[in-house]
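See below for the structure under consideration.
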Amino acid sequence: MMFTRSLALLARYALIASALLGFFAGRPAHAQYRGPISATAPTFSLDTPTAYENTPFTPPVEHMYQPWANLVKDLNRRGIGIVVDYTSESALALDGGNAGDAGYAHQIGVELDLDWSKLVGWRGFTTHAVAVNRAGHNMAADFGDRSLNGFQEIYGGGGNVGVHLVYVYGTQDLWGGRLQIAAGKMPVNIDFSASPLFCTFMNKSMCGNPKSLTRGDPGYGTYPGSTYGTRFRLWPMHGMYVQAGLYGVNPDLNTNRYDRTGFNFSTNRYTGIYVPVEFGLIPTFGPHNLVGHYKFGVAYDDANYADNYLDIYNNPAPLTRKPFRTDNGKTQIWVEGDQMLIRNGHGPLNGLYVMAGLVRNDPRTSAYLYQFYGALVDRGIFHSRPQDTFGIELSRTTASPDLVAAQRIDYALGRKLPGNTTYPQSHLTVLEVTYSFHVTRGLSMQPDYQRIMRPNLQRNKPAIDAIGLKVHAVF
């Protein structure tokens, strides 16, 4: 009954969104208030609200091959945007009990953006679709780390699949660009708790979004996975937005139980509705327009989940050996911000940023309770190399105390532990230092260093030092 009501609610809002898209078709949509895509990552943040500047319907990227770049520019003028890019991430372990282990992973991405105002006169309406090929090896698995940590964020989700459909959705701008409605098959993380600064880093715990959100709740679908959904974003005034969405919850997303290719359009594995709401401020300070991005978000998932500790009689399940209690609903909260301290150029990413954030999950049913992070990102630190980017970040994730309590009982009794672990968990700390060199048009190379403390959140696992290299090319 709960799933039937949830599916009906999702269908109702999708119909409303579709009706609004059609009703306002052809009405003028002027200035848009969205921000830029990441300068050091695949093109998956087109609609992220990060700055005052307008965002074109397709990413303004550099291309390595000039004749192709000229053709793409001509297509852009006609309302057709095409981006083909390649990202590889390689890592080598220096210690941690598996010194010498290495991993390589890559993504080949193809993006198609269509501006229907230029194609057929449907003003303010654009569509976006992305498909990727992902393959390689996740080096974290060599260390028995099944947590949100991953040396190569590009691995996973659509890994080792020839073609994986990431998303296909449309957006309609209304009221001079102050209201936007999106509907289709899309990830949550392209809009909520999103920042183009996150993928300055290569570790999975940060790139794309703080991963305790998606690992804390399957309703928070993350790239390259997507579910049916709709999102409304309103700019009540310059530099302030509020957005809300409705997304299907699919706990088997990107698995063989549902579909690893992304081309399964059924809802047979959906279990509920995920409802995120986010409020954001984007102020600027001083004569150099030092821009900041501040956001507060809360989300509710109405699906049912097994409790981490209590049984059906509200007693400790590891002691009674009774079935775990079923809890209805999860809540997530995130508070995040970044602020430019020094400007190095005219673009919204050209400068020294300080970043910080906090994510909290429901300890009853999530594997993680908190994730804290802090970072510095400096693009254009050297005037002679304005497109180089330096970054350093520190992230700490704590385990759910309810899950740890269950693990401690099972460990004391010599049983197999829940949570893909061999020892009661506590916390995970990731330190990463990286520098992206802009080699030539459309090509960057990024040496990387990571130190993972308490892999898989286990005290009995030694820290891992690893070096890596990320290569990003836009053809």
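The values are calculated or read from the model by the stated rules, or taken from the named source; none is laboratory data. What you see is a predicted model; the values in this text were computed from it and never measured. Here the Cβ positions follow ideal geometry from the backbone for every residue, glycine too, while neighbour counts run over all protein chains shown. Calculation scope for accessible area: heavy atoms of the full protein, side chains included, ligands and nucleic acids excluded. Shrake-Rupley method; radii C 1.70, N 1.55, O 1.52, S 1.80 Å.
Before moving on, here are some points about what is shown:
- The residue of the range 236-259 that is nearest to Thr214 (Cα to Cα), among those that are among the polar types (S, T, N, Q) and open to solvent by 20 Å² or more (accessible area, probe 1.4 Å), is Asn254.
- Of everything listed in (1) in contact (Cβ under 8 Å) with a residue 40 or more places away in the chain; (2) under 22 Å from the mean Cα position of the chain (by Cα); (3) open to solvent by 20 Å² or more (accessible area, probe 1.4 Å), the single unmet condition for Gln332 is (3).
- Residue among Phe263, Phe324, Phe279 that is among the hydrophobic types (A, V, I, L, M, F, W, C), open to solvent by 40 Å² or more (accessible area, probe 1.4 Å) and at pLDDT below 95: Phe263
- Residue within the range 114-131 that is in contact with an Asp or Glu (Cβ under 6 Å, 6 or more places away or on another chain), open to solvent by 10 Å² or more (accessible area, probe 1.4 Å), assigned to a loop (DSSP other than H, G, I, E, B) and more than 22 Å from Pro447 (Cβ to Cβ) present: yes
- Among the candidates Tyr449, Tyr373, residue that is of a type in the set (Phe, Trp, Tyr), within 26 Å of the chain's Cα centre (by Cα), crowded, with 19+ Cβ neighbours inside 10 Å and outside any loop (DSSP other than H, G, I, E, B): Tyr373
- Selection status of Gly286, out of contact with any helix residue (DSSP H, G or I) (no Cβ under 8 Å at 6 or more places or on another chain) and open to solvent by less than 30 Å² (accessible area, probe 1.4 Å): no
- Looking only at the range 380-403, residues that are open to solvent by less than 40 Å² (accessible area, probe 1.4 Å), touching a residue at least 60 places away in the same chain (Cβ under 8 Å) and not β-branched (Val, Ile, Thr) come to 5 in all.
- Annotation: of all residues in the range 348-361 being open to solvent by 20 Å² or more (accessible area, probe 1.4 Å) and in a loop (DSSP other than H, G, I, E, B), the one that is modelled with the lowest pLDDT is Pro348.
- Test: Ala406 is surrounded by 15 or more Cβ atoms within 10 Å (Cβ to Cβ), in contact with a strand residue (DSSP E or B) (Cβ under 8 Å, 6 or more places away or on another chain), in contact (Cβ under 8 Å) with a residue 24 or more places away in the chain and closer than 20 Å to Pro455 by Cα: yes
- On inspection, Arg233 does not qualify as without any contact (Cβ under 8 Å) to a residue 24 or more places away in the chain and surrounded by 15 or more Cβ atoms within 10 Å (Cβ to Cβ).
- Residue in the range 209-223 that is more than 16 Å from the chain's Cα centre (by Cα) and on the phi < 0 side of the Ramachandran plot present: no
- Hey, Thr440 surrounded by fewer than 17 Cβ atoms within 10 Å (Cβ to Cβ) and out of contact with any Cys (no Cβ under 8 Å at 6 or more places or on another chain) or not: yes
- Residue selected from the range 152-174 under the condition modelled with pLDDT of 90 or more and either out of contact with any Ser or Thr (no Cβ under 9 Å at 6 or more places or on another chain) or under 14 Å from Ser226 (Cβ atoms) (or both), by the criterion surrounded by the most Cβ atoms within 10 Å (Cβ to Cβ): Val166
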